[in-house]
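**Student:** This is the structure I have questions about; it appears just below.
No value in this document is a laboratory result; all are computed from the given coordinates. None of these values were measured; they are calculated from a predicted model. Note that each Cβ is placed from the backbone with ideal geometry, even for glycine, and that neighbours are counted across all protein chains shown.
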Ligand SMILES: Nc1ncnc2c1ncn2[C@@H]1O[C@H](COP(=O)(O)OP(=O)(O)O)[C@@H](O)[C@H]1O
Ligand SMILES: [Mg+2]
């Protein structure tokens, strides 16, 4: 059973973005989505991650047609099973890095994984306020926060866009290791070819 299955997804806003997108991801698999700015990469991610109902097509997560569920059921899946990483993170600036991670453990009853903090090289800065951290440190904290929930499906929209190349590679290594470890899947939006090639599947969104 695939963890994600997209069947004939099409969507338009002011103009058609994409048509009949099909893919499915099984345990430990990944897909990368590339395309020029405005081609609909983020929109496709929103559609696949319960945030936006497509004009046509079906999205199944864990074998459930998500847009046939009610709002409460959708929120439960999103909260417990999906990890969504954006380029701009949504950390609470006034709280410490540690407190930001604690918030996600409260919702999901998981604990903070010390090993993860070591791997992200953020263990030493956990007591500092978010506003005191560098951009790269903030992004690593925000990804660590998402993984702290132990989600089965990771959606990442240009997650390493504001990291230097070396840090970006380290962060991606952790994400690829993570999906193997928990037998999850990764849906990755990126404009970096070398990164896109690390995924098992790849789609480029071209003009319709
Ligand atoms: N909620 C929305 N309402 C109307 N137009 C939107 C909305 N979201 C995105 N768009 C438009 O859809 C197009 C694709 O956007 P997006 O999916 O963000 O592209 P990408 O991530 O590939 O840069 C853009 O032209 C954008 O302005
Ligand atoms: Mg985008």
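**Student:** Stretched out fully, how many nm does the piece from residue 164 to residue 121 gain, at 0.36 nm a residue minus the Cα gap?
**Tutor:** Going from the current span to full extension adds 14.0 nm.
**Student:** Using the Kirkwood radius over Cα pairs, work out the Stokes-Einstein diffusion coefficient for the chain at 10 °C and 1.306 mPa s, in µm²/s as a whole number.
**Tutor:** 91 µm²/s
**Student:** If you don't mind, there's one more thing I want to ask. Using alpha-carbon pairs under 8 Å, 6+ residues apart, how would you state the relative contact order of the chain in percent?
**Tutor:** Answer for the chain is 32 percent.
**Student:** When the C-alpha atoms of the range 1-118 are aligned to their principal axes, what extent does each axis show, in angstrom, from largest down?
**Tutor:** 43, 32, 28
**Student:** Report the Cα centroid-to-centroid distance between the range 17-86 and the range 95-114 in angstrom, as an integer.
**Tutor:** Between the Cα centres of the range 17-86 and the range 95-114 lies a distance of 25 Å.
**Student:** For a quick check, take a GNM of the chain with Cα springs below 10 Å and name the residue from 152, 123, 76 with the largest mean-square fluctuation.
**Tutor:** For the chain, modelled as a Gaussian network with Cα springs under 10 Å, the answer is 76.
**Student:** Can you give me the convex hull volume of the Cα atoms of the range 82-184, divided per residue and expressed in Å³?
**Tutor:** Convex hull of Cα atoms, per residue: 87 Å³.
**Student:** First measure r as the distance between the Cβ atoms of residue 103 and residue 14, then evaluate 1/(1 + (r/R0)^6) with R0 = 30 Å and state the FRET efficiency to the nearest 0.05.
**Tutor:** 0.20
**Student:** When ranked by the protection proxy of mean other Cβ atoms within 10 Å per residue, highest first, what sequence do the peptides 169-178, 62-71 form?
**Tutor:** 169-178, 62-71
**Student:** For a paramagnetic label modelled at 7 Å from the Cα of residue 74 toward its Cβ, which residues of the range 139-170 fall within the zone defined by backbone nitrogen distances under 19 Å?
**Tutor:** 153-156, by backbone N distance to the label point.
**Student:** Using only DSSP helix segments of four residues or longer, with each worth -39500 (n - 2.57), what per-residue ellipticity at 222 nm results for the chain after dividing by its residue count and rounding to 500?
**Tutor:** Here the helix-only value at 222 nm equals -10500 deg cm²/dmol.
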